[in-house]
Amino acid sequence: MREAKQRILIADDSAMNRAILTEMLGDGYDILEAENGLQAVSVMQSDENIDLLLLDIMMPEMDGFEVLAMMKKCHWIDDIPVIMISAENASSFVERAYDLGASDYISRPFDTAVVRRRVINTLMLSAKQKRLVQLVAEQVYEKEKSNSTMINILSHIVEFRNGESGLHVLHIQTATEILLHTLVQQTDRYKLTAADISLISTASALHDIGKINIPESILNKPGKLTKEEFDTMKTHTTIGAEILDKLPFQQESDLVKTAYAICRWHHERYDGRGYPDGLKGEQIPIAAQVVAMADVYDALTSERCYKKAYSHDTAIQMILNGECGAFNPLLLQCLQEAAPRLQAELSTSAAADAPRNTLAEAQHLSETLLEENALPGQDRILRVLSVLRAKADFFVKNARCIQMEYNDTTGLVHFSPWAVEHMKVPAELHLPEDIDKSGFTREGIRRIQKALRATTSAHPNTELSMLLPVDGELRWHRIALRSIWSENDPPFYLGAVGQAAPVEELCDYHRELSRDVLTHAYNRSFFESHLLQQMEADGVLLLDLDHFGTINETYGRQAGDIAIRTVVGAVSACVRSSSDALVRYGDDEFLLLFPHISPHIFAQRAEEIRASVEAIRLTDYPDLRLTVSLGGVYGACPIEPAIVQAETLLHDAKQTRNCCLLRQYTEEK
């Protein structure tokens, strides 16, 4: 059987260009065409089997950049590689295309050999990447399946004592998931994502974990419970919550928090007449509300030691009639909407397929644990894990250094609490989108990536030195890195861990030599020897104190020093201490470097600085008014030529005084 041809979409407003590219690619591909960006988007929306997009930039309706932005927003760029085809050769066009996710860039006029080779290479690389993603996805799935199995084991132990069918846990998870999906289709009130739905469905398996501490004589009593027995039964909600609350680890995990809410409040009622806390309406977490409905539905449609099973239709009607407690009216609508799907997926035949295999595994393991009285041993394992977790948490929280962990599959970087506090970075961020929040410059990230690329599974360790912002000051750190690899043969790269410790002797020396004595801004020497090599800038600003010579002549040198220190204080309050650099560039001239800043924010910062200085009032010199002139350029720029352009703008601004002139950086011809 012949393999299907790979599908290539050509988006170009020129019919001639489309024809030329089609002819160049030959008969080996299934070619689709779009006359503009809007048509290209429409094709990708309707056809999920596009393997490659050849995309022109200048098109009517929607240009190539707008198509790339749409693909990025809809996550199509993750599955469809894009080769830009354009007569525009400016570096700004090429760089913007790559920033938006393009895989390659081909300039017109077309060369047949180049077009064919780059198409083949891009398709091969995309296929390889998809295979790797699939491999990782399968491993993640296996891990999640194992986690779910362990939760089911614990839940089944409870159900085993309760004399209920082992399918109860599976039914609750399935019904909860169905009701949640229906809920998000009905309303956006609860802001539930797919990840939230998966989390709540998994946590629902633990809803009755508190029954582990209820006497079997009450759990399995065939007749009606006495008031005292019912009061005892009701304590399973608080017992379950207490078990989770006293876990010695993972207290902050979303799974534990969600399971706690479900355990404690899945018997609350919307009218406030439930237990244990008498919560009313939206005081009850939506996870507990949905699990409560799923629990009631399954209890009605399942046989128990004290009742026969009701039919699906009867159970639905009883819930809608209010015979089984008061529920959120919106959830009652969802129940009606989801009723056919609930009946189909929770029927005996539906439950007997693949999900039951997992359930059977959980049943077998949990029954073995009970028969062999192995729970004390499991408790010992939990205690060992608890001690290890406590040790790890202790060392992480008390290590006075930067610790980080990178997951190559998700692109997520996790920082230790000390790093969060002293580097002013988020505990978790995503690369490359959040690079401006990481505390590292782009050059710094490239150096780390280069060092990690040189490692192997056999030699995973490497280190380098780097300036990092700690407590608002750039300090020298020695960064130790270890790459993490899979156990496959051959192994593949999973991510890395790192620790950055200050090099005290360099820090002390650096602190003394890097700062201007009067203002504590970086001095010109340190700028030229270190910052120029270590930093990148998306904004360069020069600032000059107006009439500084007149201030010294009129009020004296001391007044001049006070004026400069006060101006530096005002400027420092307007910049980001963790990333921006303030340099005393001349006597009364200062240089500001802004990495990772948009033109809009750059202009806003410059105006804030000008206004802040203008608002200064010196107590000892009440009639002295301070102003500054500013000149700056924005856009990714080499620092030295950017300073030259900023100096020209500063010179023009000083003709007016108390003026700020900015423009986009332009490359020198």
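The values are calculated or read from the model by the stated rules, or taken from the named source; none is laboratory data. Note that the structure is a prediction, hence the values are computed from the model and not measured. We place every Cβ from the backbone using ideal geometry, glycine too, and count neighbours over all the protein chains shown. Calculation scope for accessible area: heavy atoms of the full protein, side chains included, ligands and nucleic acids excluded. Shrake-Rupley method; radii C 1.70, N 1.55, O 1.52, S 1.80 Å.
Filter the cross-link list K211/K280; K5/K450; K128/K257 down to pairs whose alpha-carbon distance in this structure exceeds 27 Å.
In this structure, K5/K450; K128/K257 exceed 27 Å between Cα atoms.
Please report, in whole Å³, the volume per residue of the convex hull around the C-alpha atoms of segment 23-70.
Cα-based convex hull of segment 23-70, divided per residue, equals 82 Å³.
Roughly how many Å² of Y270 are accessible to a 1.4 Å probe, to the nearest 10?
60
Report, in cubic angstrom per residue, the convex hull volume of the C-alpha atoms of segment 527-581.
Each residue corresponds to 108 Å³ of Cα convex hull volume.
With a 1.4 Å probe and all protein chains in place, put K211, K257 in order of accessible area, largest first.
The ranking, largest first, comes out as K257, K211.
Would you work out the Kirkwood radius for segment 282-343? I mean one over the mean of 1/r across all pairs of different Cα atoms, in Å.
Roughly 12.0 Å, rounded to one decimal.
If you project the alpha carbons of segment 406-546 onto their three principal axes, what span does each projection cover, largest first, in Å?
Principal-axis extents of the Cα atoms in segment 406-546, largest first: 66, 31, 26 Å.
Quick one: Cα centre-to-centre distance for segment 17-59 and segment 431-507, in angstrom?
Answer, in whole Å: 40.
Between segment 597-669 and segment 400-421, what's the alpha-carbon centroid distance in Å?
Each part's Cα centre sits 35 Å from the other's.
Peptides 616-625, 418-427: what's the order by average Cβ count within 10 Å, highest mean first?
418-427, 616-625
Ignoring ligands and nucleic acids, what accessible area does I20 show with a 1.4 Å probe (Å², nearest 10)?
My reading of the accessible area for I20 is about 60 Å².
Please calculate the 1.4 Å probe accessible area of V115, with all protein chains present, and give it to the nearest 10 Å².
That residue has around 0 Å² of solvent-accessible surface.
For S14, S204, give me the order by solvent-accessible area with a 1.4 Å probe, most accessible first, ignoring ligands, DNA and RNA.
Largest accessible area first, the list is S14, S204.
Please work out whether segment 1-127 counts as rounded, prolate or oblate from its C-alpha gyration tensor, where a ≥ b ≥ c are the square roots of the eigenvalues and a/c under 1.5 means rounded, while otherwise a/b larger than b/c means prolate and anything else oblate?
The shape class here is rounded.
Quick check: net charge around I85, other residues with Cβ under 11 Å of its Cβ, Lys/Arg +1 and Asp/Glu -1?
Once positives and negatives cancel, what remains is -1.
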